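A quick write-up on the structure given underneath.
Quick note: the coordinates plus some simple rules give every number you see, no bench work behind them. Everything numeric in this text was worked out from a predicted model, so none of it was measured. Neighbour counts run over all protein chains shown; Cβ positions are idealised from the backbone, glycine included.
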Amino acid sequence: MTELWYLVADMWISTFFYGIYLVLFCICIYILLHRPLNLANTILLVTAIALFVLSSLQTIINIILGAADIDNINIPYDQLFYAGNMLYVANNAIADALFIYRCYVIWNHNIYVVVAPFIMVVVTIVFGVDQALPLAPFFGITLGTNVLVTGLTAGRIWWIGRQNRVHLKPDMRARYMSSISIIVESGVIYSAGILTWLILQAIPFTFPAADPTAVMLSQVVGIVPTLIIVRVGLGISVQSGSNVSSATLLNSDVDSRSRPHILGIVRSDKSGIYDLEQNIQSSDSNWTR
C-alpha cells in the first residue's frame, strides 16, 4: 500500500505542477501574441511553445509509466523511461539556452560573457544523454549554470543602474531593482529545486523523496522561463542603450510599436549614443505609469 501511494503521489505532483504550467503558458502566449513581431519575440514564442510541448509529452509519459507501475501494464517501460529522461534533458537545455541568450543580449551581444555557460550546457547534455554516467553531475552543473547566468544578468543590470544612479529618478531606480528581482527570484526557484534534489539523493534516509522532487523539476524547468516572460510582460522591463540605460514599465495600453521586445532590451541607434535626460523624458511620455 505504501508503494502504491508513493506512485500515486508521483503522478499527482506531476499533474499538479503541469496544471500550474498550463495556466502560465496560456498567459505567456497571450502576452507574446500581443507584442510586436520581431526576431526576439519570435524566438521567445517558439521557445515557450517548445518547452510546453516537451513538458506535455513528458507528463503523458509519466502518467503511462505510473499506470504501468500500479496495474502492471505490459509496455516498453525502459524505452519510455529513457524517452522521458531525454525530454527533460532537452527541456533543460532549451531553458538554459534561453537564459544564456537573454544574458548575451543584456551584455550588448558580448559573446565572451556566455562562453562558459554555453560549455556548461553542452556538458550537461552529455551527462543527461549517456545514462551510464552518474546523474548528480548533470544536476550539479545545471545548478552552476543557472547561478552563473543569473548572476551575470542581474549583475549587468545592477551595474548599468549604478553607473547612471545620479541621473535616474527614484522611480527609475526602483524599476531597476524590480528587474533584478524578477531575474534573481525566478532563477532561485529552479536552483532551489535542483539543490533540494542533490541533498535528498545524497542522504540515505531522504533518498525516497528525491524521485518526487525530480518529477516536480520536470515541470519547473519549463515553468521558470515561462514565468520570467509573464513577469516581464506584466511588470518591469529594462531599456538599454550602448552608453546609458533607463527602466521602463510595460503596459498593455501603450502603442505596441513603441514597446521594447519582451527580453527588455532596445538596441541603440547607429551612432550608439543616447542622451540620458531625453531618454528618460521619452520614457515618461511613452509609457503609462
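Taking the alpha-carbon centroid of each part, what is the distance from the range 55-92 to the range 115-171 in angstrom?
So the two Cα centres are separated by 29 Å.
Mind checking the full-extension length gain between residue 78 and residue 118? Use 0.36 nm per residue of separation minus the Cα-Cα distance, one decimal, nm.
11.4 nm
Taking the alpha-carbon set of the range 1-128, what are its Rg and Dmax in Å?
Both quantities, over Cα of the range 1-128: 18.0, 57 Å.
Based on the alpha-carbon set only, what is the convex hull volume of the range 85-224 divided per residue, in Å³?
Hull volume normalised by residue count: 106 Å³.
Can you put 218, 181, 191 in order of Cβ neighbours within 10 angstrom, beginning with the fewest?
181, 191, 218
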